[in-house]
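The values are calculated or read from the model by the stated rules, or taken from the named source; none is laboratory data. In this text, all values refer to a predicted model and were calculated from it rather than measured experimentally. Please note: Cβ atoms are built from the backbone with ideal geometry, for glycine as well, and neighbour counts cover all protein chains shown. Side chains are part of the model used for accessible areas, which takes the heavy atoms of the whole protein and leaves out ligands, DNA and RNA. Shrake-Rupley method; radii C 1.70, N 1.55, O 1.52, S 1.80 Å.
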Amino acid sequence: MRSFIFVCLLGFVLPSFAQQATTSITPLSDRLVSYTIKAELNPDTKTIKGTQRLTWRNPDSVPVDELQFHLYLNAFKDDKSTFMKESGGVHRGNSASSENPWGGIDISSMRLADDEGDLRPNLPVGSGLDLTDSIEFIHPDDDNADDQTVFLVKLPRSVAPGETLALDFVFESRLPEIIARTGWEIADSGEPFFFVGQWFPKIAVLEIPGQRYVPKDAPKGEWNAHQFHANSEFYADFGTYDVTLDVPESYEVGASGIKVEESIQNGIKTLRYKADDVIDFAWTASPDFLEYTQQWRHVFIRALIQPAHKGQAQRHIDAAIVALERYDEWIGEYPYTTLTVVDGIGDSNGMEYPTLITAGTTYGLPTWARVLELVTIHEFGHQYFMGLLASNEFEEAWLDEGMNSYIESRIVDDAYGRGSVIELGHFKIGDIAAQRLGYVKQKPSKGALITKSWEYTMGDYGKASYAKPATVMNTLERYWGWDMQQKFLKAYYAQWRFKHPSTRDLQDVAEQVSGEDLDWFFDQFVYGTAVVDYAIDSISNTKKEDDSYSSRVRIWRKYDGIFPVSIRLTFADGSVQDQSWDGQDEWKDIRVAGPSRLVEAFIDPEFDVLVDINRLNNRKVVADLASNQFARQVQFRSITFYQKLFFVLSGLF
Amino acid sequence: MSLHYIKSGYDSARERPALSAIVYVGNLIMGLILSIPVFIALSTATSESGFSGDMAGEFDLALWADMLESSGPLLQTLVSQLLWVLPLLFVWKMASSAGLIHAQSEGGGRSFWTGVGRYTGKATLLGLLFMVPTVVVMVVVVLIATLLSGVLTGEVGSFWVQFVFTPIALFLGVAFIDMMHDFGRIELIVGKKGVMDSWLAGFKWPLHSSNANSIYIGWMVLGMIFLILPFMLDVSMGGLFLAFIFQQILLFGRAFITVGWINSEVAFYEDTVPAAVELDETEGLDA
Ligand SMILES: [Zn+2]
């Protein structure tokens, strides 16, 4: 089923971006790489036969004589890979279970190209051009000699600075039963569903002196190639993709970039896609997809929906627009002209690739549970942090997942209300609040944001890459206000898009924009694991001879985290006094004298310091003002709950 | 025909509101007992925090998380309390049903407490016996659901099996056994049968008499309405004291329904099986 919604305003024809992958006619990125791939999907064997011409420009100021590559699919080759060993065959809850769940990439030919034109893999191999036998698997992160997710080749001749090298590959990708967001699965219809990510030989990133953490005065650049880990994602250079796919005629396909050609011959559908200024190319194919489309400004939004979820198609599109609008306003333009939201199957869901995201929902999902909206907004946000800023997700996952979770929580709360993820009567759970709990109640003293993703224990990765950075950034926003935060986010995006920023770069932008040294903040909450918890320990009042009062509040900083806070003092006559405190001392006494006794002390009354792990102890009243209103209310509610429960249970016997 | 019995049940419950009050108060007391540790835990955690009023006003995830963290151990005792409350509830259900049947048999006007005193033991034994078919029905429903999920495959199929078929089948199956149990108890108390005979006799009622079914279903629907309404009230205006009061009124109504329900079943039984009744000694109307 197709439903097209055309947006035409007074004869205004949508801009001619239709044949352009980005809004710019000039390159947006340095385009160090280009991939021209021809691939043929065999749905029976779940394999993809491909040929690929890769061009790579040496960004360094010295010649390069060795290249490194990722073969991510080899993580699913067998149970000896680092990925499988780390995950115990499990990734984010899903495990490989079918008879032949394994995948992998075999390169049957790799050689230096000897012509300028399209890849012609059957050309006779010139002497010294064939590199197939030089492929040498390496394992830079561990001592697992069985891991084949990274390889290097020594070049027969070096690549001069600025020179572009062309390499031709012939490869076959065996897709695994879906794991880690890639592979195949048999849908309810009995038809196969494919989500094809990280599926071709991909060159690693050569970080040159001055880039990220490579010293400016280093003699040469370093390859930053990590194995595929159970917790890790990816890292790649920007470039262009020209990908031609052959799939069975009945298949609906979604892919990164824009579709530029489509033809059908002998039951085979051939589709050609172009994606510019992106770091990756992924695609999906299934005969089951229902397609829904809508234009938003320059972006052609396409939703590919499972038949069981067709009632929720518009929810996908609406959520994508909610995200597009706010990213555009808060951070900067989305420069691509397409966005495809895929309703995948199983573990393919909740993943991001350039201009192509998977969301995920369930049949019958009620509208008061906005998990579909949340995941769509989240995955869209990766277009910025994974796609456009393209930080190193292996080493600094928080710059992608964490910054994205922060904006996601902000968007969800802004668009749907502060308690909107689950909204059932009076029971409301908001995104910012839920992210905060994911940090403050999950061993907050463990797991710094800056940790290589494979060095986390499983639980800490999720907390430190999603929940904690979201809470840390929400705290920074409340610390200096949304105006400053927005300036910072916009500047960060404007300065660093297409340039792989590091944590240090992010901090630099924040400091430039605000003019403030932020070491105290970053050292505690980004590089370190400081835990903030301020509590009112006691309130005491002494009546003086002249009937005035001398009062004292004792505040306790319970852990190592330090944060400036305000303290609100309320007196018996209703007067209120706000004080600010740098939060440094472990114990702090505030003494006040006045005509009225102090009845309440409240640290951080506006709840700006979201990293404070316990809010309940932030406030105290004197004993005679203690109130059981809440306890009584819950008691009454529990009485009626039990009464109802007992009537129901009585029916059982 | 069944309407006639429902009307009779309604009249009887109206004539003797004390019976509804007993059922209502019994339930209320058990709820009250269970709610005491909740109160203590929450009072300890929040009374001097200054947040009590805010938390009563609206749900705050952060404060709830802190509160549950600090009073977790005390709230955990709630779970262990269910261990003794469930058997107590079971015995109370047997005792109160025995009392209600006795009180409303032979044209009514008999003592609730005499029924409790005389029949609670036997009714409890009978109740234990009826657990057998209840468990059997549950197992059968689960088996059918398992078989069904082999046919209704996929996401949509399993949605219907898990969230529609299984709960409805369990509900109807349990209600079916509950109806047998009701009539089994009447066989025991009004028909003066032994426990084993009453158990066996109970099984035939839903199958033999369409009137028995209509009476049961009629009251069941009313009973459900009077449970769903307070649930809705709780969701919509939960925190307000007014909601508590309205819910209590509805729950009294629910107790009233229990009384009327049993009266209808007893009256129907007595009309259908008149010979089995043998006169008791006269009793005062003390409840
Ligand atoms: Zn993510």
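Observations, loosely collected:
- Extreme residue, nearest to A:G381 (Cα to Cα), among residues of the range A:459-473 that are within 16 Å of the ligand (Cβ to nearest atom) and open to solvent by 20 Å² or more (accessible area, probe 1.4 Å): A:Y466
Residue-by-condition table, conditions (1) away from the ligand (no atom under 16 Å from the Cβ); (2) open to solvent by 10 Å² or more (accessible area, probe 1.4 Å); (3) in contact with a helix residue (DSSP H, G or I) (Cβ under 9 Å, 6 or more places away or on another chain):
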residue: A:W398; (1), (2), (3): no, no, yes
residue: A:G402; (1), (2), (3): no, no, yes
residue: A:I411; (1), (2), (3): no, no, yes
residue: A:R418; (1), (2), (3): yes, yes, yes
residue: A:I429; (1), (2), (3): yes, yes, yes
residue: A:Q435; (1), (2), (3): no, yes, yes
residue: A:G438; (1), (2), (3): no, yes, yes
residue: A:A448; (1), (2), (3): yes, yes, yes
residue: A:S453; (1), (2), (3): no, no, yes
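- So B:I144, is it touching a residue at least 40 places away in the same chain (Cβ under 8 Å) and of a type outside the set (S, T, N, Q): no
- Matching residues, the range A:363-378, being within 16 Å of the ligand (Cβ to nearest atom) and touching a helix residue (DSSP H, G or I) at 6+ places or on another chain (Cβ under 9 Å): A:L372, A:E373, A:L374, A:V375, A:T376, A:I377, A:H378
- Within the range A:260-307, the set of residues being polar (S, T, N, Q) and open to solvent by 10 Å² or more (accessible area, probe 1.4 Å) comprises A:S263, A:Q265, A:N266, A:T270, A:Q294, A:Q295, A:Q306.
- Subset tally (residues that are in contact (Cβ under 8 Å) with a residue 12 or more places away in the chain and open to solvent by 30 Å² or more (accessible area, probe 1.4 Å)) for the range B:125-136: 2
- Matching strands (runs of 3 or more DSSP E) fully within the range A:225-339 where at least 2 residues are under 24 Å from the mean Cα position of the chain (by Cα): A:239-248, A:252-255, A:268-278, A:283-286, A:299-305
- Checking each residue in the range A:162-221 for being of a type in the set (F, W, Y) and either surrounded by 18 or more Cβ atoms within 10 Å (Cβ to Cβ) or outside the structural domain of A:F238 (by TED's automatic domain parsing) (or both) picks out A:F169, A:F171, A:W184, A:F193, A:F194, A:F195, A:W199, A:F200.
- Top-ranked residue of the range B:262-287 - restricted to ones that are open to solvent by less than 30 Å² (accessible area, probe 1.4 Å), closer than 18 Å to B:S111 by Cα and at pLDDT 50 or above, ranked as nearest to the chain's Cα centre (by Cα): B:I262
- Index of the failed condition, A:A494 passing every other in (1) out of contact with any helix residue (DSSP H, G or I) (no Cβ under 6 Å at 6 or more places or on another chain); (2) within 16 Å of the ligand (Cβ to nearest atom): (2)
- In the range B:153-176, the residues that are within 11 Å of chain A (Cβ to nearest Cβ) and within 26 Å of A:H309 (Cβ to Cβ) reach residues that are in a helix (DSSP H, G or I) and of a type in the set (S, T, Y) with C-beta atoms within less than 8 angstrom, at least six apart or across chains, in these pairs: B:G157/B:S149; B:S158/B:S149; B:Q162/B:S149.
- From the list B:S12, B:S8, B:S49, B:S71, the one residue that fits, being outside any helix (DSSP H, G or I), among the polar types (S, T, N, Q) and surrounded by 15 or more Cβ atoms within 10 Å (Cβ to Cβ), is B:S49.
- Among (1) surrounded by 17 or more Cβ atoms within 10 Å (Cβ to Cβ); (2) charged (D, E, K, R); (3) without any contact (Cβ under 8 Å) to a residue 12 or more places away in the chain - the single one A:E329 does not satisfy: (1)
Residue by residue, here is whether (1) without any contact (Cβ under 8 Å) to a residue 40 or more places away in the chain; (2) assigned to a helix (DSSP H, G or I) holds:
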position	(1), (2)
A:D573	yes, no
A:Q584	yes, no
A:R591	no, no
A:S596	no, no
A:E600	no, no
A:P605	yes, no
A:V609	no, no
A:A631	yes, yes
A:S638	yes, yes
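- Qualifying residue in the range A:355-362 (condition: more than 16 Å from the ligand (Cβ to nearest atom), in contact with a Leu (Cβ under 9 Å, 6 or more places away or on another chain) and either in a loop (DSSP other than H, G, I, E, B) or of a type in the set (D, E, K, R) (or both)): yes
- Selection within the range A:336-354: residues that are away from chain B (no Cβ under 14 Å) and within 12 Å of the ligand (Cβ to nearest atom). The member of this set that is nearest to A:L32 (Cα to Cα) is A:Y353.
- When A:S189, A:S158 are screened for being farther than 30 Å from A:D505 by Cα, touching a residue at least 40 places away in the same chain (Cβ under 8 Å), polar (S, T, N, Q) and not in a loop (DSSP other than H, G, I, E, B), only A:S158 passes.
- Looking across the range A:620-653, the residues that are out of contact with any helix residue (DSSP H, G or I) (no Cβ under 9 Å at 6 or more places or on another chain) and within 7 Å of chain B (Cβ to nearest Cβ) come down to A:K620, A:A623.
- Unique residue being open to solvent by 60 Å² or more (accessible area, probe 1.4 Å), within 40 Å of the chain's Cα centre (by Cα) and more than 14 Å from every other protein chain (Cβ to nearest Cβ) when the list is A:D573, A:D582, A:D546: A:D582
- For B:V221: the one exception among (1) touching a residue at least 60 places away in the same chain (Cβ under 8 Å); (2) open to solvent by 30 Å² or more (accessible area, probe 1.4 Å); (3) of a type in the set (V, I, T): (1)
- Just one of the listed residues (B:S47, B:S12) is on the phi < 0 side of the Ramachandran plot and within 7 Å of chain A (Cβ to nearest Cβ), and it is B:S47.
- Some residue of the range A:457-465 being within 13 Å of another protein chain (Cβ to nearest Cβ) and out of contact with any Cys (no Cβ under 7 Å at 6 or more places or on another chain): no
- Criterion: among the hydrophobic types (A, V, I, L, M, F, W, C) and within 20 Å of A:E352 (Cα to Cα) - qualifying residue of A:V421, A:V371: A:V371
- Tallying residues that are more than 7 Å from chain B (Cβ to nearest Cβ) and either touching a helix residue (DSSP H, G or I) at 6+ places or on another chain (Cβ under 9 Å) or of a type in the set (G, A, S) (or both) within the range A:594-617 yields 16.
- Residue that is farthest from A:Y334 (Cα to Cα), among those in the range A:265-318 that are in contact with a helix residue (DSSP H, G or I) (Cβ under 9 Å, 6 or more places away or on another chain) and among the polar types (S, T, N, Q): A:Q306
- Evaluation of A:E393 against (1) in contact with a helix residue (DSSP H, G or I) (Cβ under 7 Å, 6 or more places away or on another chain); (2) within 12 Å of the ligand (Cβ to nearest atom); (3) assigned to a helix (DSSP H, G or I) (one fails), failing number: (3)
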